[in-house]
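Structure record follows, encoded as structure tokens.
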Amino acid sequence: MPQPDMILLGPPGAGKGTYAEYLKQHVGYVHMSTGDILRAAVAEQTELGQQAQAYMNAGELVPDELVIDLVRERVALLGADERFLLDGFPRTVAQAEALAELREELSRPEPLVINVAVSDEEVMRRLGGRRVCRSCAAIYNVDRDGLDIGDKCPECGGELYLRSDDQPEAILNRLAIYKRDTQPLIDYYQQRGQLITVDGEQGQQRVSEELGRLVRAGQRDCQ
Ligand code: AMP
């Protein structure tokens, strides 16, 4: 019996990409990250990429119609036994409503909607602790790796620095945008009794295990 479709919500730094990869490998989801799809479209300069580029460069959301169309196309291609894991979509209530319509049209089961909750302080610590090598672009973390600005990169000896979008002010801005865009969405799913919140601060291993448990419970509910 296939697992339910999944929507993964969470602030920047919550580890959505890491958990999506884990679930893809261990459960067999088809991972759809709208951010990745849009970045590839920009790199290839497709029509969608050209339309999306200016919004993405400005850190703004791409218009709903464009993103809804691209998700619609991909979900419609899935086989009856394939399940999607959406990461970065929906980002607005209009997108959530379009997804609910699509689900009915295609007779797909209710998705699991999981919010990986991480406090603002923890987001600041995780993103603010990121250090990048100027020479080989390797990524480290002050807490995990004990490396800081001024230290040499263990890989290539290059200089470690703090990315401009990881400066405290830039992180606060990203968090404000996330809250502005996503809080109404969290309310939308909560009002429908669909939102499951997972504590994203209990360590990567435990979060992964909890997600796995939720998927198995959802599998039973689908039967
Ligand atoms: P992400 O990698 O998810 O942070 O997405 C990078 C950028 O792609 C965002 O800043 C938006 O410009 C755009 N984007 C990704 N997903 C969506 C979405 N669901 N709705 C609108 N814009 C999106």
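Quick notes
- Meeting the requirement of 2 or more residues that are surrounded by 21 or more Cβ atoms within 10 Å (Cβ to Cβ), the strands (runs of 3 or more DSSP E) wholly within the stretch 1-96 are 6-9, 84-87.
- All conditions in (1) within 11 Å of the ligand (Cβ to nearest atom); (2) of a type outside the set (Gly, Ala, Ser); (3) modelled with pLDDT under 95 hold for GLU21, with the sole exception of (1).
- Inspection of the stretch 100-107 finds no residue satisfying the criterion of being modelled with pLDDT of 95 or more, more than 28 Å from GLN204 (Cβ to Cβ), of a type in the set (Gly, Ala, Ser) and touching an Asp or Glu at 6+ places or on another chain (Cβ under 8 Å).
- Contact map, the stretch 71-94: first residue more than 13 Å from the ligand (Cβ to nearest atom), second residue at pLDDT below 95 and among the polar types (S, T, N, Q), Cβ cut-off under 8 Å, separation 6 or more or different chains; pairs are ARG83/GLN3.
- Yes/no for ALA41 being near the ligand (Cβ under 9 Å from one of its atoms) and in contact with a helix residue (DSSP H, G or I) (Cβ under 8 Å, 6 or more places away or on another chain): no
- Among the residues of the stretch 116-137, just one is of a type in the set (Val, Ile, Thr) and without any contact (Cβ under 8 Å) to a residue 60 or more places away in the chain, namely VAL132.
- Summed over the stretch 201-211, residues that are assigned to a helix (DSSP H, G or I) and either of a type in the set (A, V, I, L, M) or farther than 15 Å from GLY17 by Cα (or both) total 5.
- Taking the criterion of being of a type in the set (A, V, I, L, M) and under 17 Å from ILE68 (Cβ atoms), the residues of the stretch 23-46 that qualify are MET32, ILE37, LEU38, ALA41.
- Residues being part of a strand (DSSP E or B), away from the ligand (no atom under 16 Å from the Cβ) and of a type outside the set (Val, Ile, Thr) - total across the stretch 97-137: 4
- Meets criteria (at pLDDT 90 or above, in contact with a Leu (Cβ under 7 Å, 6 or more places away or on another chain), loosely packed, with under 15 Cβ neighbours inside 10 Å and of a type outside the set (Ser, Thr, Tyr)) for ILE114: no
- On inspection, VAL142 does not qualify as within 16 Å of the ligand (Cβ to nearest atom) and crowded, with 18+ Cβ neighbours inside 10 Å.
- The single condition among (1) near the ligand (Cβ under 8 Å from one of its atoms); (2) under 16 Å from the mean Cα position of the chain (by Cα); (3) within 25 Å of GLU101 (Cβ to Cβ) that ASP64 does not meet is (2).
The values are calculated or read from the model by the stated rules, or taken from the named source; none is laboratory data. All figures in this text were calculated on a predicted structure; none of them were measured in a lab. Ideal geometry is used to build each Cβ from the backbone, glycine not excepted, and the neighbour counts take in all protein chains shown.
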